[in-house]
Amino acid sequence: MAKTDVKVLGAWPSPFVMRPRIALNLKSVEYEFLEETFGSKSPLLLQSNPVYKKIPVLIHQDKPICESLIIVQYVDEVWASGPSLLPSDPYDQALARFWAAYIDDKWFPSVRGIALPQGEEGKAELMVQVFEGLALLEDAFDKCSQGKAFFGGDKIGYVDIALGSFLGWLKATEKMNNVKLLDETKNPNLVGWAERFCSHDAVREVMPETDKLVEFAKMLRARFKAPAS
Amino acid sequence: MAEDKVQLLGYWGSPFALRVKWALKLKGIQYEYLEEDLPNKSPMLLELNPVLKKVPVLVHNGKPLAESLVIIEYIDETWTHNPLMPKDPYDRAKARFWAKFADEKCVPATMSSFTKSGEEKEKAEKEARENFKTLESALEGKPFFGGEGIGFLDIAIGWLGIWARLVEEIAEVTLIADDYMPVLSKWFKDFLELPTIKEALPPRDKLLVHNKGFREMLMGGST
């Protein structure tokens, strides 16, 4: 398939953009990465995602697909001859979808909330939520991996991609707020998994460096800082 | 299929349980319905959905699943006759996209127009209307989102035809404006008139009372 058949519109700091890129890498599909300029949205982005105007967008044979996890499922279904990202068993597949939805709808918002300006009490409450979530995910890893390296078993799968894409921001949040979120004593499964995930061929090149993310976050904070009252 | 045991934990007033009921009915699946006495969650519910502690929960041969849209896709994958999801990957992506849009955009705005007042309410009402209008474009000139017949997206969104209208009545707002979105308005009517769909609907007067009470509680009992 010609390289220009597949395009990903995105930006390097976005965990959501990582997801389709990891999926395409796992399927060994060549694609063109079109980096959006921070602070502005390209005409192509506005045209391909008029509803949300957000990245990532996958453009395949001129057809746009939006929403990162929906894109990952699309990639899995179109390039079916490559290694499968979702389990073949309907129940395991449903569990994978459940955990990915949990990660996006419940867990990550708590992580992101820690970085927002707030009092110590608010932050402490969010940290509790993050830890509770990690405990659930630690347990989920046990059940999904069945003793293997990833949530998906021997190879990276849907839940690995969903959770793993947040590892960069998780580490950056730890650094910026001087907290430890992913802890060997509390989450030994996840710590081991995180190392394996980040060092995987399909992930390494698209996972942003923690320091770069910290710099980026500082830049965002400065840019959106409210004027002193 | 040999001795399949299917149970659904639900709540009569839950649109999310209704979505799953519709999917089960469309597939002709025999199931045992277990009504939860919300807010007194049963030990069974807490055991089967320890993460979110919510209905609906589908239990198939002892294995529990939560999250209505996840459940519906599971039903579709397991009982493959009368398919609900489209076959083509691009169409599947579109169906999932619009179901997510409805849940993430139409629903919160509808809820806000239901529970807020003054300027916030007006803003939410406008936002909800615009989001419904956007949804209309997904029909793409077909009678149903599933094409000639109903499918995944119809049952994912159809409940709003009841609940949004209840919000309109109780909170005195306009969300599904017939003249602004005639095609969507017609689709809601046609969908809800289908026998399989209509039979599963909870009684409207009961829903009205229930949601009026719900609103009072959320608004802190203000008149």
Exercise for the section: Among the residues of region B:188-223, write down those that are outside any loop (DSSP other than H, G, I, E, B), more than 23 Å from B:PHE114 (Cα to Cα) and open to solvent by less than 90 Å² (accessible area, probe 1.4 Å). Expected result: B:ASP190, B:PHE191, B:PRO195, B:THR196, B:ILE197
Exercise for the section: Test A:ASP211 against the stated conditions and say whether it is closer than 21 Å to A:MET18 by Cα, modelled with pLDDT of 95 or more and of a type in the set (Asp, Glu). Expected result: yes
Exercise for the section: State all residues of region A:127-159 that are surrounded by 17 or more Cβ atoms within 10 Å (Cβ to Cβ), over 28 Å from A:LEU24 (Cα atoms) and of a type in the set (Val, Ile, Thr); if no residue qualifies, say none. Expected result: A:VAL130
Problem - From A:LEU58, A:LEU9, residue being within 12 Å of chain B (Cβ to nearest Cβ), buried (at least 24 other Cβ atoms within 10 Å of the Cβ) and in a strand (DSSP E or B) - result: A:LEU58
Handout entry: Of all residues in region A:66-79 being at the interface with chain B (Cβ under 9 Å from one of its Cβ atoms) and farther than 15 Å from A:GLU30 by Cα, the one that is most open to solvent (accessible area, probe 1.4 Å)
Key = A:GLU77
Fill in the blank from the handout: Per the list (1) open to solvent by 30 Å² or more (accessible area, probe 1.4 Å); (2) within 12 Å of chain A (Cβ to nearest Cβ), residue check on B:SER112 breaks on (2)
Practice task
Quickly run through region A:100-126 and pick out the residues that are open to solvent by 30 Å² or more (accessible area, probe 1.4 Å) and either in contact with a strand residue (DSSP E or B) (Cβ under 7 Å, 6 or more places away or on another chain) or closer than 30 Å to A:LYS27 by Cβ (or both).
Solution key: A:ASP104, A:ASP105, A:LYS106, A:PRO109, A:ARG112
Exercise for the section: Name the single residue, out of those in region B:59-70 being more than 7 Å from chain A (Cβ to nearest Cβ) and within 16 Å of the chain's Cα centre (by Cα), that is surrounded by the most Cβ atoms within 10 Å (Cβ to Cβ). Expected result: B:SER68
Fill in the blank from the handout: Checked region A:183-219 for anything open to solvent by less than 30 Å² (accessible area, probe 1.4 Å) and assigned to a loop (DSSP other than H, G, I, E, B); matches are A:ASN187, A:VAL206, A:PRO208
Completion exercise
Selection over region A:80-100 where residues are polar (S, T, N, Q) and more than 11 Å from every other protein chain (Cβ to nearest Cβ) yields a count of 2
Exercise for the section: For B:ASP37, work out the one condition from (1) in a loop (DSSP other than H, G, I, E, B); (2) crowded, with 17+ Cβ neighbours inside 10 Å it doesn't fulfil. Expected result: (2)
Practice task
Select from region B:134-154 the residues that are under 18 Å from the mean Cα position of the chain (by Cα) and of a type in the set (D, E, K, R) and list them in ascending order.
Solution key: B:GLU136, B:ASP154
Problem - Cβ pairs under 8 Å, 6+ apart, first in region A:161-172 and more than 18 Å from A:LEU69 (Cα to Cα) and aliphatic (A, V, I, L, M), second part of a loop (DSSP other than H, G, I, E, B) and open to solvent by less than 10 Å² (accessible area, probe 1.4 Å) - result: A:LEU170/A:LEU181
Exercise for the section: For A:LEU86, state whether it is surrounded by fewer than 23 Cβ atoms within 10 Å (Cβ to Cβ), in contact with a helix residue (DSSP H, G or I) (Cβ under 6 Å, 6 or more places away or on another chain), in a loop (DSSP other than H, G, I, E, B) and on the phi < 0 side of the Ramachandran plot. Expected result: yes
Handout entry: One residue from B:ILE162, B:ILE176 being of a type in the set (Val, Ile, Thr), in contact (Cβ under 8 Å) with a residue 40 or more places away in the chain and in contact with a Gly (Cβ under 8 Å, 6 or more places away or on another chain)
Key = B:ILE176
Handout entry: Members of region A:46-55 found to be part of a loop (DSSP other than H, G, I, E, B) and of a type in the set (A, V, I, L, M, F, W, C), listed by number
Key = A:VAL51, A:ILE55
Handout entry: Criterion: farther than 20 Å from B:LYS27 by Cβ and not in a loop (DSSP other than H, G, I, E, B) - qualifying residue of B:LEU52, B:LEU65, B:LEU58, B:LEU46
Key = B:LEU46
Exercise for the section: Mind listing whichever residues of region B:71-98 are surrounded by fewer than 20 Cβ atoms within 10 Å (Cβ to Cβ), more than 7 Å from every other protein chain (Cβ to nearest Cβ) and farther than 16 Å from A:GLN93 by Cβ? Expected result: B:HIS81, B:ASN82, B:PRO86, B:LYS87, B:ASP88, B:ASP91
Completion exercise
Given (1) in contact with a helix residue (DSSP H, G or I) (Cβ under 9 Å, 6 or more places away or on another chain); (2) surrounded by 14 or more Cβ atoms within 10 Å (Cβ to Cβ), A:GLY39 misses just (2)
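The values are calculated or read from the model by the stated rules, or taken from the named source; none is laboratory data. Everything quoted here is computed from the prediction, not taken from an experiment. Quick reminder, even Gly has a Cβ in these numbers, built from the backbone with ideal geometry, and neighbours come from all protein chains shown. The accessibility values were calculated without ligands, DNA or RNA, using every heavy atom of the protein model including side chains. Shrake-Rupley method; radii C 1.70, N 1.55, O 1.52, S 1.80 Å.
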